[in-house]
Structures are given as C-alpha cells and as structure tokens.
Amino acid sequence: MIGKLNHVGVAVPSIEAAKATYRDLYGVPASDITETKELPPQGVRYAFVNLPNSQIELIEPLGETSPIRKFLEKNPNGGQHHVCFEVEDIYAARDEMVVRGATVLNEPRIGAHGTPVIFIHPKNSNGVLIELMETPKGAHG
Ligand code: CO
C-alpha cells in the first residue's frame, strides 16, 4: 500500500523562472526552495519547493535524450508531470505492482531524494504517471 504523498512533479521549461513563480506569486520563502541539482541518469535538472505537508518537484530537461523533452514539446509552458507516493520497500512494491498487472516502467534507480524509485505507466492510473519512492531511512512523520 502507498504511504505519504511525497511530492508532485511539475515539468517546466525553466526551473529558475518556476522558482520565481512560487516565490513571488505564491509567497514561498526563498529558504524553502532548494538549489537546482542535476540527475544525469534520469535526464533532469530539479529543485524542490518545500510546503508544510509536501513538496513540488520542479523538473527541467537535461540533455538531448531527456524523457522530459517530449512532454514539454506537447506542453510548452510546462505541466503537471507525475505524482510521487512513498513506499516502505521499493523492491517489494515493484514485485507487487507486477503481480497486480501494472506496467512498471523501470528497474529501481536512485531518485532525487537519494532513495530508489520506480515509475508506473499512466494507463494504470487514469492518465497519471505515478512515481513510487522508498521512504528515506530515518525519516520521521
Ligand atoms: Co519525482
């Protein structure tokens, strides 16, 4: 069973511009917006906007083969890209999702929070791409 909503992923053409939106339009303190980092194996640059109960993950394409690139061609201004739920054990979750007939898009790999993640095809969830992320060890709450 899925646990906490960890974050909502939003694909954007410019992380810096999107950060300014969350800061200036929605009043998120700059101290709650993380530095932009790169995750070359996943073809993304990313930053998090910390909210009291969750996070927004801003993702921007990194490299010509980035999977985000096609999404932005269809949604040039950006758009909601995925929703991420926490699970206790990513390998157990992967095996269970396969048993339940879901299309798991990748082998567990390290995600933006430093713990392994998998993605579930949008066709299994009303058109929503779902990321399952192993809860960071020692995380509270
Ligand atoms: Co994510």
Across the chain, how many lysine pairs separated by 8 or more positions, or lying on different chains, have Cα atoms within less than 27 Å?
-> 12
Please turn the phi angles of region 6-11 into ³J(HN,Hα) values with the Karplus equation 6.51 cos²θ - 1.76 cosθ + 1.60 (θ = phi - 60°), one per residue in order, whole Hz, x for glycine and proline.
-> 7, 7, 10, x, 10, 7
With an 8 Å cut-off on Cα pairs and a minimum separation of 6 or more residues, tell me the relative contact order of the chain in percent.
-> 24 percent
What list do you get for TYR91, TYR22 if you sort them by fewest beta carbons within 10 Å?
-> TYR91, TYR22
Could you rank the peptides 12-18, 74-80, 36-42 by their average count of other C-beta atoms within 10 Å per residue, with the highest value first?
-> 12-18, 36-42, 74-80
Just need log10 I(q)/I(0) for the chain at q = 0.11, 0.13, 0.18, 0.20 Å⁻¹, Debye formula, equal scatterers on the alpha-carbon atoms, no solvent, rounded to two decimals.
-> -0.40, -0.57, -1.09, -1.31
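For n ≥ 4 DSSP H runs only, could you compute -39500 (n - 2.57) per run for the chain, divide by its residues and tell me the 222 nm figure to the nearest 500? Walk me through the numbers before you get to the answer.
Numbers: 3 runs with 28 residues, N = 141.
Helix contribution divided over all residues of the chain: -5500 deg cm²/dmol.
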For region 1-95, size of Cβ-based charge dipole, Lys and Arg +1, Asp and Glu -1, in debye = 240 debye
Could you go through region 113-126 in sequence order and give the Karplus-derived ³J(HN,Hα) for each residue, using 6.51 cos²θ - 1.76 cosθ + 1.60 with θ = phi - 60°, rounded to whole Hz, and x for Gly and Pro?
-> 9, x, 10, x, 9, 10, 10, 10, 4, x, 5, 7, 9, 6
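Looking only at the chain, where both bridge partners belong to it, what percent of the DSSP beta bridges are antiparallel (to the nearest 5)? It would help to have the intermediate numbers written out before the result.
On the way: 24 of 34 bridges.
Around 70 percent antiparallel, to the nearest 5.
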Ranked by Cβ crowding within 10 angstrom, fewest neighbours first, how are ARG109, ARG100 ordered?
-> ARG100, ARG109
Sequence ranges 59-71, 23-35, 118-130, ranked by mean other-Cβ count within 10 angstrom, highest first | 59-71, 118-130, 23-35
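Rule-based calculations on the coordinates, nothing more; no lab input. Since the model is a prediction, treat every value here as computed from it, not as a measurement. Positions of Cβ are generated from backbone atoms using ideal geometry, with glycine treated the same way; all protein chains shown enter the neighbour counts.
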